[in-house]
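The values are calculated or read from the model by the stated rules, or taken from the named source; none is laboratory data. The structure displayed is predicted, hence computed values, not measured ones. So basically every Cβ, Gly included, is an ideal-geometry build from the backbone, and we count neighbours across all protein chains shown.
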Amino acid sequence: MKYGATNTVGEVHLDEIRKILQICREANLRELDTAQAYGSSEEKLGAIGVGDFAITTKIHLCMEENAELLKDKLTQSLNKLRVKKIENLLLHNEERLNLGDADEVAFSLHALVKQGLVEKVGVSSYEPANALGQCQKYGFQITQVPGNVLDNRLFEDGLIDQFLKKNISVQVRSAFLQGILLGDPPLQSRVPPIVIDQASNFRNKCRECGCSPLEGALGHILQVSKQAKVVLGVTGSDEFRQILESLPSGPSGFQFDSPVWSSAFDPRNWKN
């Protein structure tokens, strides 16, 4: 699927995906993130062959759907990916846990672990503090939440350490905030001006420090936590190589004072 406010390429084609996966293998990067909601990504990955990767996928359980359907949905993903099991399964819509059958949803997720179809289950969330509460309440072993120089909530007040102390794996997504931290979005973009202005401030700070926005964005996350895993989306193999070359080899001296959190930094609020 086409994703990202600055994406002008569109959906990544099979040949380019093959190149990206080959780079992953050469760099010993063996984890993939996908979702049923990501267009035809599962089918494309399955067609190429990803049995040698640890896969995270995400499932949307509609409000009116029963928890028992989770196994059927996972089976659909396994068939598309052409694998017998995956590493991580995340509930893609965290609000589903607000309903009265949340315990049944959690039970059905854990049952998939017992059946050997998945190693860990958890929740994908836009709210790091809520994700911690959900993981603690329902015994989830993994979560995926946003974190970047404009959205520092995961790294404030020792929140990420609370996850890790409880052996809850943390995947950090949105490191580049849909690409906005790396460059301005198109003029017709739905991104709020405050986000564009703050991203511009960040890039100016990077120039002052003699680093690229790529290096600054990745360095910010990696120097805050060495144990969280960063989920990156790319539009091509050249872009992926550039990201890998920008990974800091040691502690980064880059410092950026993140602004006070605003709901404008949440992509869900970027309306057309």
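Within the set Leu187, Leu150, Leu182, the sole residue that is in a loop (DSSP other than H, G, I, E, B), more than 16 Å from the chain's Cα centre (by Cα) and surrounded by 15 or more Cβ atoms within 10 Å (Cβ to Cβ) turns out to be Leu182.
Restricted to region 11-88, the set of helices (runs of 4 or more DSSP H) holding at least 3 residues that are over 24 Å from Ala106 (Cα atoms) and at pLDDT 95 or above comprises 14-26, 41-48.
Restricting attention to region 206-227 and to residues that are touching a helix residue (DSSP H, G or I) at 6+ places or on another chain (Cβ under 6 Å) and assigned to a loop (DSSP other than H, G, I, E, B), the residue that is farthest from Thr143 (Cα to Cα) turns out to be Ser225. Among residues of region 123-138 that are farther than 14 Å from Ser169 by Cβ, those with a beta-carbon under 8 Å from a residue that is of a type outside the set (Val, Ile, Thr) and in a strand (DSSP E or B) at least six positions away or on a different chain give the pairs Tyr126/Pro146.
Examine region 162-177 for a residue that is surrounded by 15 or more Cβ atoms within 10 Å (Cβ to Cβ) and over 24 Å from Phe140 (Cα atoms), and state whether such a residue exists. Yes, region 162-177 contains at least one residue that is surrounded by 15 or more Cβ atoms within 10 Å (Cβ to Cβ) and over 24 Å from Phe140 (Cα atoms).
Conditions tested, residue by residue: (1) closer than 29 Å to Gly158 by Cα; (2) of a type in the set (D, E, K, R); (3) at pLDDT 95 or above; (4) part of a helix (DSSP H, G or I).
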residue: Arg96; (1), (2), (3), (4): yes, yes, yes, yes
residue: Gly100; (1), (2), (3), (4): no, no, yes, no
residue: Ser108; (1), (2), (3), (4): no, no, yes, yes
residue: Val113; (1), (2), (3), (4): no, no, yes, yes
residue: Gly116; (1), (2), (3), (4): no, no, yes, no
residue: Val121; (1), (2), (3), (4): yes, no, yes, no
residue: Tyr126; (1), (2), (3), (4): yes, no, yes, no
residue: Asn130; (1), (2), (3), (4): yes, no, yes, yes
residue: Cys135; (1), (2), (3), (4): yes, no, yes, yes
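Counting only residues that are closer than 15 Å to Gln22 by Cβ and among the small types (Gly, Ala, Ser), which one in region 235-249 is surrounded by the most Cβ atoms within 10 Å (Cβ to Cβ)? Checked region 235-249; the qualifying residue surrounded by the most Cβ atoms within 10 Å (Cβ to Cβ) is Ser237. Out of Lys84, Lys58, Lys71, one residue alone is among the charged types (D, E, K, R) and closer than 30 Å to Asp151 by Cα. It is Lys58. Taken over region 190-205, residues that are of a type in the set (Gly, Ala, Ser) and either assigned to a loop (DSSP other than H, G, I, E, B) or within 14 Å of Ile243 (Cβ to Cβ) (or both) amount to 0.
Return a yes/no flag: does region 85-95 have any residue that is buried (at least 20 other Cβ atoms within 10 Å of the Cβ) and of a type in the set (S, T, N, Q). Looking through region 85-95, at least one residue is buried (at least 20 other Cβ atoms within 10 Å of the Cβ) and of a type in the set (S, T, N, Q).
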